[in-house]
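These notes concern the structure reproduced below.
The values are calculated or read from the model by the stated rules, or taken from the named source; none is laboratory data. Computed from a predicted structure; not experimentally measured. Cβ: placed from backbone, ideal geometry, glycine included. Neighbour counts: every protein chain shown.
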Amino acid sequence: MKIERLIGILSILLQQERVTAPELSRRFEVSRRTINRDIEDLCRAGIPVVTTQGQNGGISIMDGYRIDRTLLTSGEMQTILAGLHSLDSVSGTNRVAQLMEKLSAGASDWMSGSQNVLIDLSSWYKESLAPKIEQIRVAMDNHCLLSFVYYSPRGESRRLIEPYYLIFRWSSWYVWGYCTKRTDYRLFKLNRMEEVQMGESFEPRTVPLPDLSNERIFPGGIRVRALFDNSCKWRLVEEFGPGCFEEQADGRLLFHADYTDEENLLTWLLSFREKVELLEPQPLREKLRDSVRQILERYQ
C-alpha cells in the first residue's frame, strides 16, 4: 500500500546518503513515475527531499535536515514491526514482510534484537475474510461503491454503501460507510456480508468518525442476575472480568451485568447448559424456561 511504501522510502533516505529513482522502483516494484509522485508527497509532508542530476546524482534529504536515526529506538522499531506483521496475518499476504526485508538492508541497528511481540489477527474465517478485506481496501482507495447481501437478526437484505473505514474491534472486522438504503452511516460486520461486489465510483463525503464506544454500540439496558457453578469462573473472568460476580457460601457465583440483546443473552446462557440459573429479569427467566421445555420436547 502507498503509506507503507512512503515509510519505506523515508527509511531508506535516512539510512543512505543518496539513492536513485530506478533503485527505489526496483525495490518497491512500482514504476519510476510512481516513485516520483511519492517523492512529491514526501516534500508536501514537509520532508526536504532533493534530487540532483548527473553521474553521481540521485535522491537525498537536504543537508542539515537529516533526522537522527536514534529518533526510533530498537524497541520502538520492534513495536512497529509487530503491528505491521499483524496486517499480514489478516490479509494472508506477505506484503509487509517483503517491505521490512527491503528495509532491513543496512539497518542492523534498527532491526537488532529478537521479535518478542507477535500479533495474529487472523480468524477461523481467514480464507473468506481476507479477500473481503482486500476488496474493501481497494474500493476505499478508489472511492468505489460496494454492494453486498447482509445478514442481520431482522433478516437478509441487499445493501449499497460508500465505504470509508475498515475497523477491527470486539475481535471482529467491520466496514463503516454511508448506506444508500438507510441514508445514513452504518457499521457492517464482514462475516455477515456475502456476494460483495465493487461498483461505480462516487464522490467522497466529509465523513464523521464512527463512534465505537461500547455504550454507543452496545447500549445495555437488560439487568442480569444469575447463579453459576464455580467451574464456570474461568469463562466469566475471560468474558466479563473478575468483578462481575460474588462468590457465595456454597461456592456458586452470583453474576450481575448489563446486557444489550435478549436473543444473545438467552443463547449465551444456554451455552452453560445445567451450570447456570437465571434469576433476573423474570420475563427472560420464563422465556428461558420455555426454550428449555421446547428443546426437551424435541429430544424426547
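Values computed for the structure shown
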read-out	value
Test: residue in the stretch 36-45 that is at pLDDT below 80 and either touching a Gly at 6+ places or on another chain (Cβ under 7 Å) or in the same structural domain as residue 140 (by TED's automatic domain parsing) (or both)	no
Test for residue 29: is it among the charged types (D, E, K, R), more than 29 Å from the chain's Cα centre (by Cα) and in the same structural domain as residue 86 (by TED's automatic domain parsing)	no
Restricting the stretch 239-283 to residues that are of a type in the set (S, T, N, Q) and in a loop (DSSP other than H, G, I, E, B), the residue that is surrounded by the fewest Cβ atoms within 10 Å (Cβ to Cβ)	271
Residue list for the stretch 7-26, restricted to those being closer than 15 Å to residue 58 by Cα, touching a residue at least 60 places away in the same chain (Cβ under 8 Å) and not aliphatic (A, V, I, L, M)	15, 16
Residue 182, sole failed condition from (1) outside any strand (DSSP E or B); (2) touching a Lys or Arg at 6+ places or on another chain (Cβ under 9 Å); (3) at pLDDT below 90	(3)
Filter result for residue 150 (more than 13 Å from the chain's Cα centre (by Cα), buried (at least 19 other Cβ atoms within 10 Å of the Cβ) and either at pLDDT 90 or above or charged (D, E, K, R) (or both))	yes
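One line per residue, one yes/no per condition, for (1) closer than 23 Å to residue 153 by Cα; (2) without any contact (Cβ under 8 Å) to a residue 12 or more places away in the chain:
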residue	(1), (2)
253	no, no
266	yes, no
271	yes, yes
282	no, yes
285	yes, yes
291	yes, no
294	yes, yes
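Let's see how each residue does on (1) assigned to a strand (DSSP E or B); (2) surrounded by 11 or more Cβ atoms within 10 Å (Cβ to Cβ); (3) without any contact (Cβ under 8 Å) to a residue 60 or more places away in the chain; (4) over 22 Å from the mean Cα position of the chain (by Cα):
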position: 139; (1), (2), (3), (4): no, yes, yes, no
position: 161; (1), (2), (3), (4): yes, yes, yes, no
position: 167; (1), (2), (3), (4): yes, yes, yes, no
position: 174; (1), (2), (3), (4): yes, yes, yes, no
position: 194; (1), (2), (3), (4): yes, yes, yes, no
position: 209; (1), (2), (3), (4): no, no, yes, no
position: 227; (1), (2), (3), (4): yes, yes, yes, yes
position: 232; (1), (2), (3), (4): no, yes, yes, yes
position: 237; (1), (2), (3), (4): no, yes, yes, yes
